[in-house]
Amino acid sequence: MNVLETGKAPAAIGPYSQGYEVNGFIFTSGQIPVNPENGQVPEGIAAQAKQSCENVGAVLAAAGSSFQKVFKTTCFLADMGDFAAFNEVYAGYFTSRPARSCVAVKALPKGVLCEIEAVAVK
C-alpha cells in the first residue's frame with residue numbers, strides 16, 4: 001500500500017490521507033473545493049465543482065493515473081438543487097462516464113457545496 005500525497009491538492013484536515021494506491025487501484029479521499037495554493041473556497045457550485053475536480057485530478061496524477069482511468073465516483077452535494085450545475089462541470093472532467101453515486105448530505109466540511117471521491121486504476 002502506498003500513501004498518496006501531493007501539494008497540488010489540499011492537505012488532509014484530519015487523520016486521513018489524500019489517497020492510497022493498493023495493488024494498482026487508486027482510492028482518493030473526498031476532495032472538497034479548497035484551492036491548495038491559498039486555502040480559499042470559491043463561490044458558487046460551478047466554481048466549487050471545478051475546484052473539487054481539479055483536486056481529484058491532482059491526487060490521481062500523483063498516483064500516475066488520470067480521469068480516464070476512473071471507474072467509480074461518489075459525489076456529495078449540500079443541496080440537490082445544485083445537481084444540474086454540478087453535473088455540467090463534472091461531465092467535462094469525468095468524460096469516461098464512470099459509475100457514480102451522488103447524494104445530498106446535511107453538511108460538508110468547511111461549509112462547502114460539494115465533495116468528490118474517486119476510484120481508479122493506475
Per residue solvent-accessible surface (Å²) - the chain, probe of 1.4 Å = 52
inquiry  = I'd like the orientation of helix 83-93 relative to the chain: the angle between its Cα long axis and the longest Cα principal axis, in ° from 0 to 90, rounded to 10.
reply    = 30
note = GNM of the chain, Cα pairs under 10 angstrom: of Asn87, Asn23, Asn55, the biggest fluctuation goes to Asn23
ask   = For the chain, what is the mean residue ellipticity at 222 nm derived from helices alone (per DSSP H run of n ≥ 4: -39500 (n - 2.57); sum divided by total residues; nearest 500 deg cm²/dmol)?
value = -7500 deg cm²/dmol
message = Between Val22 and Phe71, how high is the FRET efficiency from 1/(1 + (r/R0)^6) when r is the Cβ-Cβ distance and R₀ = 22 Å? Nearest 0.05.
response = 0.90
task = Could you pull out every one of the lysines with an alpha carbon less than 23 Å from that of Lys69, ignoring same-chain neighbours closer than 8 positions?
result = Lys8, Lys50, Lys122
query = Where the centroid of each part is defined by its Cα atoms, how far is the range 1-40 from the range 64-122 in Å?
reply = 15
Residue-level accessible surface for Phe67, protein heavy atoms, 1.4 Å, Å² = 40
inquiry  = Give the aspartates and glutamates reachable from Lys110 as a straight Cα distance under 17 Å; neighbours fewer than 8 places away on the same chain don't count.
reply    = Glu37, Glu43, Asp79
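Taking a quarter of the surface of the convex hull around the Cα atoms of the chain, what do you get in nm²?
It is 6.7 nm².
Looking at the range 16-122, send over the antiparallel percent of its DSSP beta bridges, to the nearest 5.
Antiparallel: roughly 70 percent of the beta bridges in the range 16-122.
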note = For 2-12, 111-121, ranked highest to lowest by mean beta-carbon neighbours within 10 Å, the order is 111-121, 2-12
request  = Determine the share of the range 53-122's accessible area contributed by carbon and sulfur atoms, expressed in whole percent, with a 1.4 angstrom probe.
outcome  = 55
request  = Please work through the chain and write down the cysteines that have no neighbouring cysteine Cβ at a distance under 4.7 Å.
outcome  = Cys53, Cys114
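The values are calculated or read from the model by the stated rules, or taken from the named source; none is laboratory data. Keep in mind it's a predicted model, so treat the numbers as computed, not measured. Cβ sites come from the backbone with ideal geometry, for glycine too, and all protein chains shown count toward neighbours. Note: accessible area is taken over every heavy atom of the protein model, side chains too, but ligands, DNA and RNA are not part of it. Shrake-Rupley method; radii C 1.70, N 1.55, O 1.52, S 1.80 Å.
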